[in-house]
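Asker: Mind having a look at this structure? Questions to follow.
The values are calculated or read from the model by the stated rules, or taken from the named source; none is laboratory data. Source: prediction; values computed, not measured. With ideal geometry, Cβ positions are generated from the backbone for all residues, glycine too; neighbour counts draw on all protein chains shown. Keep in mind that these areas ignore ligands, DNA and RNA; they rest on the heavy atoms of the full protein, side chains included. Shrake-Rupley method; radii C 1.70, N 1.55, O 1.52, S 1.80 Å.
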Amino acid sequence: MSFAARRLVASDAEAYRSLRIEGLQDSPASFGSSLAEEIDKPASAWVDRLGKGFVFGLFDADALVGTAGFYREAMQKSTHRGHLVGVYVSPGSRGRGGADLLIAAVIAEARQHVLQLHLAVTQDNDRARRLYERHGFVTYGEDPRGLKVDGVFYYDYLMVLRLDEGSGK
């Protein structure tokens, strides 16, 4: 099957919730939130989340197998900045180009809203860092002890894509 990416809508909320819970279980150091914080949220919270910023889904036929979110900073002086968040692809769908399609879809939509796109990626996640670099993101700093999961500290690379300077694909 081939992949397709599209913006998620309210009717996708349950599939989004299921995949998000999978991601928090599979890769807890890749997300700022924890399974404990999200597992018991009501259905309305997932619909609300899809209404803030936007979340793109990666579909293999009708199955949601990946997600990537975006939000724009709210303060007047930083509304030119957006953030790529919540990127996850199910293990069985990795390595087949879906993540590239998903990231490209978010970047295309983000271009309509912001001048630069930021993200944080765990330093030991080389595969994700290379994905972002393929799309033009560059590392501009580090966040020591960016996350603490089960007593272990994880360091992050901070990356940016300047959408107004012709960088990226």
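Asker: Just to be sure I understand, how many residues within the range 122-143 are in a strand (DSSP E or B), free of Cβ contacts under 8 Å to residues at least 60 places away in the same chain and not aromatic (F, W, Y)?
Answerer: Number satisfying all stated conditions: 5.
Asker: Tell me, which helices (runs of 4 or more DSSP H) wholly within the range 1-112 include 2 or more residues that are under 23 Å from N125 (Cα atoms) and at pLDDT 95 or above?
Answerer: Answer list for the range 1-112: 13-26, 98-110.
Asker: Does the range 63-71 contain at least one residue that is more than 24 Å from D156 (Cα to Cα), among the β-branched types (V, I, T) and open to solvent by less than 20 Å² (accessible area, probe 1.4 Å)?
Answerer: Yes, the range 63-71 contains at least one residue that is more than 24 Å from D156 (Cα to Cα), among the β-branched types (V, I, T) and open to solvent by less than 20 Å² (accessible area, probe 1.4 Å).
Asker: Inspect the range 144-167 for any residue being open to solvent by less than 50 Å² (accessible area, probe 1.4 Å), of a type in the set (A, V, I, L, M, F, W, C) and part of a helix (DSSP H, G or I) and give the result as yes or no. Can you show your working first?
Answerer: Within the range 144-167, the subset open to solvent by less than 50 Å² (accessible area, probe 1.4 Å) is 146-147, 149, 156, 158-161, 163, 167.
Filter once more, so that each one left must be of a type in the set (A, V, I, L, M, F, W, C): 147, 149, 158-161, 163.
From what is left, the residues that are part of a helix (DSSP H, G or I) are 163.
Yes, the range 144-167 has at least one match.
Asker: Filter the range 3-17 down to the residues that are touching a residue at least 12 places away in the same chain (Cβ under 8 Å) and surrounded by fewer than 17 Cβ atoms within 10 Å (Cβ to Cβ) and list them by number.
Answerer: A4, R6, R7, V9, A10, E14
Asker: In the range 118-169, how many residues are of a type in the set (A, V, I, L, M, F, W, C), in contact with a helix residue (DSSP H, G or I) (Cβ under 7 Å, 6 or more places away or on another chain) and closer than 15 Å to S27 by Cα?
Answerer: 3
Asker: Can you list residue pairs whose Cβ atoms sit under 6 Å apart, with the first residue in the range 30-55 being touching a residue at least 40 places away in the same chain (Cβ under 8 Å) and within 11 Å of R17 (Cβ to Cβ) and the second being part of a helix (DSSP H, G or I) and open to solvent by 70 Å² or more (accessible area, probe 1.4 Å)? Count only pairs 6 or more apart in sequence or on different chains.
Answerer: none
Asker: A further question on this structure: I'd like the residue in the range 72-86 that is among the small types (G, A, S) and farther than 16 Å from E22 by Cα and, out of all such residues, is surrounded by the fewest Cβ atoms within 10 Å (Cβ to Cβ).
Answerer: That would be A74.
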